[in-house]
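Read through the structure below, which is laid out as structure tokens, and then see the notes.
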Amino acid sequence: MSAATNRTAGLLIPLASMPSTDSWGIGEIGDLLPMASWLDRAGLRVLQLLPINEIAPGQTSPYSAISGMAIDPIYISLRDVRDFTAPGGESRLDLGDQVALRAAREKRRVDFATVRRVKEQALRLAFSYFWDVEWIRGTARAGSFAAFCSWEEWWLADYALYRALRERFDGHSWTGWDEPLRVRNAEALEHAREELSTEILFYQYLQWLADEQWQDARERIRPVALFGDFPFMVGADSADVWAHQHLFRFDATVGVPPDAFSASGQDWGLPVYRWDVMEREDYAWLRQRVRRSARLFDGYRIDHLVGFYRTYSRTAGETEGRFDPAEEPAQLELGERLMAIFKSSGSRIIAEDLGVVPDFVRASLDRMEIPGYRVLRWERHWDAPGQPFKDPAGYPVLSVATTGTHDTDTLTTWWRTAPEDERRAFLALPQFAAWSAQGEPAEMPWSDSLRDRALQALYEAPSELLLLPIQDVFGWEDRINVPATVSDENWTWRLPWPVDALDREPQARERCQVLRRLAENSGRHPR
């Protein structure tokens with residue numbers, strides 16, 4: 001995409017956070033349509049999601065995936081599944097599930113546990129109907145399903161077998177399965193496929209439903225483009241790691257080294273890539289992940305970009321870790337080889353290059369024309385006296401301008417908690433000259449007008465893409481996630497209104513008009 005002729009703007013909203021009136025207490029694939037309709041009227045051309053990969057029961061983080069390929073069935077819109085609606089829909093659920101579903105819809109936050117449990121029961125009812133009415137009769141829909149299974153076999157076969165086995169072993173990790181299945185003995189796998197054939201078909205059926213709904217929604221939301229998120233890793237307990245054990249080290253875990261945010265660094269508990277083995281296989285599994293992302297999204301963010309140049313890990317019991325590769329020339333060679341694989345998909349890619357990122361990595365991204373992030377509150381001349389903020393008017397064209405990410409404080413919270421010298425430096429930007437004379441920054445609350453001037457400064461930045469967390473557009477303090485924290489608040493935030501009711505909400509209508517005006521005046525949307 002040519003940044004000079006097509007600067008665009010979009011919003012970051014997790015799919016789970018955007019339920020409609022008819023969805024089941026969580027944003028669903030069908031809810032992309034009313035959300036995108038509002039974005040279109042607001043002059044926005046990109047909807048950035050967090051990962052939609054399937055996560056394990058009991059988890060809420062979209063980065064705790066048990067598959068790097070599968071769409072989480074929790075996002076299937078059952079109102080659009082004829083195998084569920086034809087025989088009676090929600091009335092077929094038992095009374096307890098109907099009551100639980102009603103409560104989940106009314107909650108302020110996403111109740112993942114309840115929604116997942118009730119939706120699975122509903123999906124099993126739908127599959128039973130499909131089996132009786134379509135599958136055993138060999139109908140046209142059965143043929144369409146079979147064609148999907150054949151086309152997607154390259155990832156779907158291992159995934160569905162893994163899910164069926166995981167269910168058989170009461171949800172336990174594959175590392176605790178019987179040894180022949182754990183080590184993928186060919187005879188044991190074939191026996192499992194025969195024994196669990198119906199259950200395997202069920203999990204394939206769910207992915208077929210999700211894929212049909214996804215492709216339909218992706219087409220219907222145009223001209224809004226759908227952006228995804230490409231997680232750096234998948235969990236150790238995942239279909240991918242079980243199927244490709246030779247590609248990973250299990251004696252060490254991935255993380256990041258100590259930095260300004262953590263004196264001890266971070267340990268994510270994820271297995272470590274064996275880059276040497278992946279190279280010998282021409283990075284086949286990574287190419288598969290890239291291929292899958294290209295099918296689902298118009299573009300996507302590469303999470304933890306620096307990890308693809310140099311992966312930091314610690315072996316068990318050690319406090320200090322090491323990079324792989326160890327030396328800069330090898331890091332550069334690896335990173336650029338992997339970036340070429342990402343670019344080969346044809347999707348638009350952007351790089352999450354935040355945190356401690358070496359200069360040679362940023363230079364590499366520039367050479368390969370992959371835009372990195374420019375976060376307004378962090379873009380400062382750190383070596384200059386007073387550490388003044390960088391004027392967004394000077395951001396490079398090849399960049400993604402933003403106010404924050406799903407992991408950061410909202411803009412409103414940042415201002416409320418920022419020290420006076422930071423506020424003063426921020427108001428020294430030319431875009432805020434009118435506020436600089438109004439009083440001491442320490443006494444100045446974050447206002448709607450100040451918020452919108454910050455948004456305008458980013459809209460006018462040369463950056464080819466502007467991505468704003470929806471919280472910062474409205475001035476809310478609600479966070480999506482607090483890193484390194486496990487709580488009922490993390491990842492469960494929902495919009496305060498159903499997405500199909502945004503046109504009836506005065507605040508949402510006002511924001512829509514303001515964003516449209518900003519887009520038109522800054523050249524980020526044609527009049």
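Yes/no matrix, rows are residues, columns are (1) of a type in the set (Val, Ile, Thr); (2) in a strand (DSSP E or B); (3) in contact with a Gly (Cβ under 6 Å, 6 or more places away or on another chain):
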residue: Tyr205; (1), (2), (3): no, no, no
residue: Leu209; (1), (2), (3): no, no, no
residue: Glu212; (1), (2), (3): no, no, no
residue: Arg218; (1), (2), (3): no, no, no
residue: Gly228; (1), (2), (3): no, yes, no
residue: Val234; (1), (2), (3): yes, no, yes
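Give segment 421-458 a look and list any residue that's acidic (Asp, Glu), more than 30 Å from the chain's Cα centre (by Cα), surrounded by fewer than 12 Cβ atoms within 10 Å (Cβ to Cβ) and modelled with pLDDT of 90 or more, or say none.
Of the residues in segment 421-458, the ones acidic (Asp, Glu) are 421-422, 440, 443, 448, 452.
Filter once more, so that each one left must be more than 30 Å from the chain's Cα centre (by Cα): 421-422, 440, 443.
Keeping just the survivors that are surrounded by fewer than 12 Cβ atoms within 10 Å (Cβ to Cβ) gives 440, 443.
Within segment 421-458, none qualify.
Considering only segment 292-310, I want to know if a residue exists there that is within 30 Å of Glu422 (Cβ to Cβ), in contact with a Ser or Thr (Cβ under 8 Å, 6 or more places away or on another chain), outside any strand (DSSP E or B) and of a type in the set (A, V, I, L, M, F, W, C).
Taking segment 292-310 first, the residues within 30 Å of Glu422 (Cβ to Cβ) are 301-307.
If we keep only those that are in contact with a Ser or Thr (Cβ under 8 Å, 6 or more places away or on another chain) as well, we get none.
Looking through segment 292-310, none of the residues is within 30 Å of Glu422 (Cβ to Cβ), in contact with a Ser or Thr (Cβ under 8 Å, 6 or more places away or on another chain), outside any strand (DSSP E or B) and of a type in the set (A, V, I, L, M, F, W, C).
Being part of a helix (DSSP H, G or I), among the charged types (D, E, K, R) and farther than 17 Å from Val224 by Cα is the filter here; which residues of segment 489-525 pass it? Break it down into steps so the answer makes sense when it comes.
First, the residues of segment 489-525 that are part of a helix (DSSP H, G or I): 499-504, 506-522.
Those left that are additionally among the charged types (D, E, K, R): 500, 503-504, 509-511, 516-517, 520.
The answer is Asp503, Arg504, Arg509, Glu510, Arg511, Arg517.
Taking segment 46-62 as the region of interest, how many residues are under 15 Å from Ala217 (Cβ atoms) and either modelled with pLDDT under 95 or in a loop (DSSP other than H, G, I, E, B) (or both)?
Qualifying residue count for the region: 2.
Within segment 243-271, how many residues are outside any loop (DSSP other than H, G, I, E, B) and either over 21 Å from the mean Cα position of the chain (by Cα) or of a type in the set (D, E, K, R) (or both)?
First, the residues of segment 243-271 that are outside any loop (DSSP other than H, G, I, E, B): 243, 245-256, 259, 262, 266-271.
Now drop any that are not either over 21 Å from the mean Cα position of the chain (by Cα) or of a type in the set (D, E, K, R) (or both), which leaves 243, 245-253, 259, 262, 267.
Qualifying residue count for the region: 13.
Sort out which residues of segment 458-502 are touching a residue at least 40 places away in the same chain (Cβ under 8 Å), closer than 18 Å to Ile13 by Cα and of a type in the set (Phe, Trp, Tyr), and write them in order of number.
If the condition is that a residue be touching a residue at least 40 places away in the same chain (Cβ under 8 Å), closer than 18 Å to Ile13 by Cα and of a type in the set (Phe, Trp, Tyr), then Trp476, Trp491, Trp493 are the ones that fit.
Suppose we keep only residues that are modelled with pLDDT under 95 and among the aliphatic types (A, V, I, L, M) within segment 1-45. Which one would you say is nearest to Thr410 (Cα to Cα)?
Out of the qualifying residues, it is Ala3.
Please list, ordered by residue number, the strands (runs of 3 or more DSSP E) wholly in segment 334-440 having 3 or more residues that are over 18 Å from Ile302 (Cβ atoms) and not hydrophobic (A, V, I, L, M, F, W, C).
Working: elements: 348-351, 372-375, 399-402.
The strands (runs of 3 or more DSSP E) meeting that bar number zero.
Out of everything in segment 354-385 that is among the acidic types (Asp, Glu) and more than 25 Å from the chain's Cα centre (by Cα), what residue ends up being nearest to Leu305 (Cα to Cα)?
Of segment 354-385, the ones among the acidic types (Asp, Glu) are 359, 366, 369, 379, 383.
In the following step, the residues that additionally are more than 25 Å from the chain's Cα centre (by Cα) were identified as 359, 383.
Numbers: Asp359: 13, Asp383: 25 Å.
Looking at the filtered set, the residue picked out is Asp359.
Could you tell me which residue of segment 469-488 is nearest to the chain's Cα centre (by Cα), considering only residues that are of a type outside the set (S, T, N, Q), under 26 Å from Pro445 (Cβ atoms) and in a loop (DSSP other than H, G, I, E, B)?
The qualifying residue nearest to the chain's Cα centre (by Cα) is Ile480.
The values are calculated or read from the model by the stated rules, or taken from the named source; none is laboratory data. Source: prediction; values computed, not measured. In this analysis, Cβ positions are derived from the backbone assuming ideal geometry, glycine residues included, and neighbour counts consider all displayed protein chains.
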